[in-house]
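Participant: Mind looking over this structure? Questions follow.
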Amino acid sequence: MALLSESRIYNDLLDLSVKVFEVSRTIPKDYRMSIGRRMEESVLEIGDHLLLANNAEGEECVRHHRLAMAAYERLQFIVNIGARTTVCMTDKGAVKGVSIRQQAQLAAMMTGIGRQMTGLRKYAEKKLRARNNGSVMPTG
């Protein structure tokens with residue numbers, strides 16, 4: 001088992017985490033605790049589950065990869081909510097919780113991470129299937 005900190009996904013996730021915390025600081029105060037905090041929690045949860053998956057084997061490893069993917073999808077959902085939420089109107093137009101530019105930057109970073117996570121999950125499932133004679137589910 002390789003150290004997670006030596007992998008590409010680790011560095012990409014660190015970059016994403018920094019960006020999420022930067023974006024959450026720019027969200028207007030009324031929405032920071034709901035949208036900003038949930039974004040921060042989701043990106044940290046992705047890291048937690050990837051670390052746990054890296055240190056686990058078999059069913060536990062697959063379970064943590066699936067939970068990391070669920071947190072990833074939740075982060076996507078919250079970012080999209082922030083981008084669609086109008087927090088106030090100015091003479092220049094609507095101000096969004098997450099700007100379109102911020103949403104695009106996060107989406108670009110998340111795409112690569114999502115692909116890496118999918119590959120890691122599929123690899124863990126393949127190893128588990130080989131161990132369980134073709135089934136991802138445990139044998140009695």
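Participant: Could you pull out every whole DSSP H run in the chain that spans at least 30 Å of Cα extent along its own axis and averages -1.0 or higher on the Kyte-Doolittle scale?
Facilitator: On the way: long enough: 58-84 (40 Å, -0.17); 100-131 (45 Å, -0.64).
TM-like helix candidates: 58-84, 100-131.
Participant: Can I ask one more? How large is the Kirkwood hydrodynamic radius of segment 4-130, counting all unique pairs of alpha carbons, in Å? Before the final figure, lay out each step's value.
Facilitator: Numbers: mean 1/r = 0.0655 Å⁻¹.
It works out to 15.3 Å.
Participant: Now, a different point. Enter the Cα centre distance for the pair segment 7-82 and segment 94-109, rounded to the nearest angstrom.
Facilitator: 16 Å
Participant: Using the charge dipole of the chain (Lys, Arg: +1 at Cβ; Asp, Glu: -1 at Cβ; taken about the Cα centre), state which of I9, L128, G93 has its Cα farthest towards the positive end.
Facilitator: Looking along the dipole axis, the top candidate is G93.
Participant: Go ahead and run the numbers for FRET between K126 and D30, Cβ-Cβ distance against an R0 of 41 Å, rounding to 0.05. Intermediate results must be reported in sequence, preceding the final value.
Facilitator: On the way: r = 46 Å, r/R0 = 1.13.
Calculated value: 0.30.
Participant: To the nearest 500 deg cm²/dmol, what mean residue ellipticity at 222 nm is calculated for the chain from DSSP H runs of n ≥ 4 alone, each contributing -39,500 (n - 2.57), summed and divided by the residues?
Facilitator: Numbers: 4 runs with 96 residues, N = 140.
Dividing the helical sum by the residues of the chain leaves -24000 deg cm²/dmol.
Participant: Further question: If you stretched the chain out fully between S17 and E60, how much longer would it get, using 0.36 nm times the residue separation minus the C-alpha to C-alpha distance?
Facilitator: Difference between extended and current length: 13.0 nm.
Participant: For a quick check, take a GNM of the chain with Cα springs below 10 Å and name the residue from V20, V62, V95 with the largest mean-square fluctuation.
Facilitator: Answer for the Gaussian network model of the chain: V95.
Bear in mind that the values in this text are calculations on the coordinates, not laboratory data. This is a predicted model, so every value here is computed, not measured. We place every Cβ from the backbone using ideal geometry, glycine too, and count neighbours over all the protein chains shown.
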